[in-house]
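The values are calculated or read from the model by the stated rules, or taken from the named source; none is laboratory data. Fair warning: this is a prediction, and the values are worked out from it, not measured in the lab. With ideal geometry, Cβ positions are generated from the backbone for all residues, glycine too; neighbour counts draw on all protein chains shown. Just the protein is used for accessible areas: all its heavy atoms, side chains included, with ligands, DNA and RNA removed. Shrake-Rupley method; radii C 1.70, N 1.55, O 1.52, S 1.80 Å.
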Amino acid sequence: MKILLVNHGTASDWGGGDGVQIRETGKRLQQRGHEVDMVNSDAPQTVGYDLVHLFNCRTLASLESQMQACEASRVPVVLSPIWIDLRRALWGSRGTFGAIHQAVHSGATSDTSQLLALRERRLAVQLQEGFIQASGELEHKDDSYQNISSLLNRTDGLLPNSWLELQAVRSDLHWTGDCFEIAHYGVDPKLFLDANPEPFRQHSGIQGPFVMQAGRIEPAKNQAMLCWALKDTSLPIVLIGSTKNWPGCAELCRTIGGDKVHVIDHLPQELLASAYAAAAVHVLPTWMETCGLVTLEAALSGTPVVGSTFGHELEYLQNDAWYCDPANPESVHKAVIDAWQAGRMSSKALNLKRRVLSDYNWENTVDATVRLYERVLAQRKR
């Protein structure tokens with residue numbers, strides 16, 4: 001097969017799991033003898049390909065343009081939606097950041113009325129267009145979900161990253177198709193299994209145990225809530241990720257945590273693997289993950305992981321992780337402390353490490369991907 005893998009045009013400015021998924025999928029498709037090109041483009045050149053695989057339906061304008069290009073050349077389209085309820089995620093990420101920002105700059109040392117309202121899902125969050133509620137209900141008219149739904153129903157097949165994501169696509173976007181495969185995320189054991197913690201300790205100068213969060217530092221990833229939840233502890237916090245898109249988020253984290261918060265803008269993968277190995281806990285109290293690749297990478301390194309109750313991580317982590325409500329500082333605090341105290345030799349950490357090694361690898365991801373490709377092409381020939 002000749003296949004084109006496409007992410008939205010600004011993907012390289014943001015980084016993230018979708019880019020990793022494209023790279024690892026493309027590499028393994030090539031290893032299996034397929035001809036593969038990979039681009040970040042809102043107007044891809046699709047003529048001459050047997051199939052186009054789009055990634056990420058969250059950027060509506062990009063998806064519209066990409067679909068137009070595919071339909072113009074009559075090439076079959078597979079889509080990895082990487083879908084989360086964007087409206088509820090927007091409420092959570094902007095509401096949490098705003099409430100913590102207000103608390104910090106008013107000099108509050110405990111939860112403010114806004115944080116309490118956030119926790120109880122009573123907070124109305126003001127956006128430029130109007131207010132949004134915890135349910136995702138908007139004050140203003142917004143056709144984006146309807147438009148995304150229409151585009152999804154014009155594809156030839158979907159490749160969600162979990163059964164929970166598939167259900168969310170059906171519930172939120174009313175996708176009614178039956179041509180799909182579930183392609184769970186993978187992790188590369190050559191990089192993350194049993195990495196050596198010493199290179200990161202030498203690089204950072206941090207010798208003792210610490211709480212870690214990897215990923216872009218931004219409201220959606222919720223690092224400010226992690227720092228707020230642990231502000232009355234002595235636990236060091238290491239945040240590893242780009243600050244360029246939301247520099248104010250990193251500054252807020254530093255303001256909350258002072259010297260115990262260490263912000264590291266970027267690490268090559270070998271040093272990131274070493275950081276996982278050095279960490280006592282990895283936490284992702286996020287509003288925006290189908291399942292964070294960083295959580296699976298940390299788990300493969302043997303680090304106890306804290307996941308979010310918002311999103312689709314439950315399918316991957318099951319009962320082998322600690323969970324926190326990303327709107328509740330007490331929940332985040334308790335999950336981190338429980339994971340820290342349980343340690344790397346806990347049954348949860350060991351069970352999850354084994355399951356990630358056996359179940360979540362890119363070969364399995366590409367097996368499911370190829371099955372869907374072949375099914376879509378067979379249907380087109382009828």
Per residue of the stretch 281-287, what does 6.51 cos²θ - 1.76 cosθ + 1.60 with θ = phi - 60° give for ³J(HN,Hα)? Whole Hz please, x for Gly and Pro, Karplus curve as stated.
8, 10, 10, 9, x, 8, 9
Under 5 Å between amide H atoms, partner at least 5 residues away or on a different chain: which partners does L123 have, H built in plane at 1.01 Å?
L118
Here are some values of log10 I(q)/I(0) by the Debye sum over Cα atoms at q = 0.07, 0.09, 0.13 Å⁻¹: (1) -0.31, -0.52, -1.08; (2) -0.51, -0.73, -1.13; (3) -0.41, -0.62, -1.03. Which one was computed from this structure?
(1)
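Based on DSSP H runs of at least 4 residues, each adding -39500 (n - 2.57), what is the mean residue ellipticity at 222 nm of the chain after dividing by all its residues, to the nearest 500 deg cm²/dmol?
So the calculated ellipticity at 222 nm is -14000 deg cm²/dmol.
With the contact rule set at Cα under 8 Å and sequence spacing of 6 or more, what percent relative contact order holds for the stretch 160-230?
After rounding, I find 23 percent.
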Mind running the shape call on the stretch 63-206? Use the C-alpha gyration tensor, a ≥ b ≥ c as the square roots of the eigenvalues: rounded below 1.5 for a/c, prolate if a/b tops b/c, oblate otherwise.
oblate
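Students often check this: by mean Cβ neighbours within 10 Å, which of 348-357, 212-221, 131-140 ranks highest, and how do the rest follow? Don't jump to the answer; show the numbers that get you there.
Details: 348-357: 19.5, 212-221: 25.1, 131-140: 15.4.
Those peptides, ordered most packed to least, come out 212-221, 348-357, 131-140.
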With labels modelled as points extended 7 Å from the Cα through the Cβ direction, what inter-label distance (nm, one decimal) is found for T255 paired with E64?
3.7
Gain on full stretching of the segment that runs from S135 to A368 - 0.36 nm per residue minus C-alpha separation
80.6 nm
Once the piece of chain linking R32 and R354 is laid out straight, how much longer is it, given 0.36 nm per residue of separation minus the C-alpha distance between them?
113.3 nm
Average Cα contact separation per residue, the chain, under 8 Å, 6 or more apart, as relative contact order %
16
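Just the accessible area per residue of the chain, please: how many Å² with a 1.4 Å probe?
Result: 41 Å² per residue.
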Here the FRET efficiency for E198 versus Q269, based on Cβ atoms and R0 = 22 Å and rounded to 0.05, is 0.85
Where does helix 362-380 land angle-wise versus the long Cα axis of the chain, in degrees 0 to 90, nearest 10?
30
Based on Cβ point charges of +1 for Lys and Arg and -1 for Asp and Glu, what charge dipole magnitude is obtained for the chain about its Cα centre, in debye rounded to the nearest 20?
340
